[in-house]
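The values are calculated or read from the model by the stated rules, or taken from the named source; none is laboratory data. These numbers come from a predicted model, not from an experiment. Every residue, glycine among them, receives a Cβ derived from its backbone with ideal geometry; neighbour counts consider all protein chains shown. Each accessible area value is taken on the protein alone, full model and side chains, heavy atoms only, with ligands, DNA and RNA left out. Shrake-Rupley method; radii C 1.70, N 1.55, O 1.52, S 1.80 Å.
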Amino acid sequence: MRWTIKPKPSPEKIHHLAKALTVKDFVATLLVQRGIETFEEAKAFFRPSLIHLHDPYLMKDMDKAVERIELAIQNQERILVFGDYDVDGTTAVSLVASYLKTYYPNVDTYIPDRYLEGYGISFKGIDYAEDNEFSLIIALDCGIKSIDHVAYATAKNIDFIICDHHRPGEKLPAAVAVLDPKRNDCTYPYDELCGCGVGFKLIQALGSNRNQTIDDLLPYLDLVATAIAADIVPMTGENRVLAHFGLQVINSSPRPGIKALIHQVKKQTLDITDVVFIVAPRINAAGRIRHGNYAVQLLTEFDFEQAQEFASEIEKNNADRKELDQQITKEALHQIISNNEENCYSTVVFQEDWHKGVIGIVASRLIETHYRPTLVFTKSGEKYAASARSVKGFDVYNALEACAEHLEQFGGHMYAAGMTLLPENYAAFKAAFEKQVRDTILPKQRVPEIEVDIEIDFDTISPKFIRILKQFEPYGPLNMTPVFLTKNVIETGYGKPMGKENEHLRLFVKQNNSEGLAAIGFGLGNKIDCTTNQKPFEAVYCIDENEWNGKITTQLRLKDIRS
């Protein structure tokens, strides 16, 4: 692990903000590191408000999208809401479809089959629309590169509205409207929305035509917050506002489907991390193991008993998913060793019977052992399909673009992508990708990094400081949970390894004359020797609260320790 302490902002900025907010310098430092330098910016950060949401009509083509939907309603046309099988896609479809159905019944949904149709808009989906007399398709979380698909639909007199957040290609599809804040010609003030977020801007615009206010749309924010958490988009600007209020909905009056998922795990109050690790994987499991339709059924069901039945089925899917990804990870790690590829700059593995629904998870798991850009391939019809995951700072999308001659199609983000290729091109692609990564990755990107916000002493950790930290939530990219460094830490003698194989670490620590603090380090059991015989050590950690038997205590969540 490489420890990197963030550069300290200028003392003038720190002191100015600390004085304006009447807080300590270390609190002001954490804020300035997040780009918050004035009282007004801090007020917006600590007190997210719905008034901070932008006018949806600032998004290019929004007027065209609304006009076409209103025309469809006026003419009693059938509308098909289409979206991908992941969390962002299924929540977006559930959001737009359930909103439209509140005043227009002629709406249906379509989620492509992960295995038969693959990612994005499919010809099969368009044929389904033609066969069932749909004349308007609203595509969510996909479509920005679907030039041929939109042309195919146009020839069948089917119009498209595309709501996407992925990077466009050189040419846009000839749809009636293309809503994507990443369009070069779109001046919308915030371009980091997820697909469900773009869908929300669409219903916000539609709602304004019906004299609805943002308060009328609050019930839909449980879906938006779930998508923001799952899609790992920056937790800044509009995303932070939407996630903040979406969490309130999740914890007070969630839709029956989300309530049923939470009921399965019997947790009282969820934070954004719980959404990432409890709600999102279960929604994803439907599309991974069975079909994304099951997720949409769950999220649009308004009878709680029926939603519980759907949630129970999805819980089984999630258990199957866990079993599959553990088995495939084991097989992939064995393949890396067998092929003597431990020292490569990238990981590219393939086995034709690996379950397509979990290869993205497996790619992430492999990075935990071999820290490098990773692609996991399986057979999909007559082609090979893969999920890619990357390491901090390395743009896997750009690397794939450099190897595009070997690929049939690809798409995605800096840190996650999907692709297909013909079997005969696999070996050439694997060699080209390894060379591209070797030539472009920086030495520091090959070592896992812990980014430390600031060094503090334990006596800084007061109830007031913890209350302030709680107001930094919700956490996510560009507003990550603060990581602290403390030196001269002493273990008080109660520390011990934990877990079936002693893989975790439980400590009770002090510094100088501070009060003792409980600390837990997952995966750090092999570092117990750093803490014995009251040898001083350094620790990097986040500050948590642990609830046990109704009592809440402060706990350090260790990320790493060293002598």
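Observations on the model:
- Gain upon complete extension [Glu368, Tyr494; 0.36 nm per residue less C-alpha separation]: 42.4 nm
- Paramagnetic reach from Asp459 in region 505-532 [backbone N under 19 Å; point 7 Å along Cα→Cβ]: 509-518
- Taking 0.36 nm per residue of sequence separation and removing the Cα-Cα distance, the Asp353/Ile278 pair yields an extension gain of 24.2 nm.
- Qualifying aspartates and glutamates (Cα of each under 12 Å from Cα of Lys156; at least 8 residues distant if same chain): Asp127, Glu130, Asp131, Glu133
- Considering all C-alpha pairs of region 1-146, those separated by over 28 Å amount to 47%.
- Within straight-line reach of Lys267, meaning a Cα separation under 23 Å, sit the following lysines at least 8 residues removed in sequence or on another chain: Lys259, Lys316, Lys322, Lys470, Lys551.
- Folded to 0 to 90 degrees: helix 221-231 orientation relative to the chain principal axis, Cα: 70 degrees
- Gain upon complete extension [Thr38, Asp148; 0.36 nm per residue less C-alpha separation]: 34.8 nm
- Label point distance in nm, Lys444-Trp3, each placed 7 Å from Cα along Cα→Cβ: 1.7 nm
- Lysine pairs within region 5-125, Cα separation less than 17 Å, 8 or more sequence positions apart or different chains: 5
- Acute angle (nearest 10 degrees) that the helix 62-74 long axis makes with the longest principal axis of the chain, alpha-carbon atoms: 50 degrees
- Over 18 Å (Cα to Cα) - which of Lys330/Lys356; Lys171/Lys201; Lys330/Lys430; Lys266/Lys500 fall in this group: Lys171/Lys201; Lys330/Lys430; Lys266/Lys500
- Here Leu478 and Gln409 are evaluated by their C-beta separation; at R0 = 30 Å the FRET efficiency comes out at 0.50.
- Note: region 412-528, Cα convex hull, 194 Å³ per residue.
- Here the label points at Gln471 and Thr269, each 7 Å from Cα along the C-beta direction, are separated by 1.6 nm in the simple model.
- Using the Cβ-Cβ distance between Phe46 and Arg562 with R0 set to 41 Å, the FRET efficiency works out to roughly 0.75.
- Region 72-216 - percent of accessible surface contributed by carbon and sulfur, probe 1.4 Å: 45 percent
- Span from the region 484-536 Cα centroid across to the region 198-246 one, whole angstrom: 42 Å
- Percent accessible area from carbon and sulfur atoms, region 225-377, protein chains only, probe 1.4 Å: 47 percent
- Surface accessible to a 1.4 Å probe, per residue, for the residues of region 413-527, Å²: 53 Å²
- Helix 237-252 axis, angle to the chain major axis (alpha carbon atoms, nearest 10°): 90 degrees
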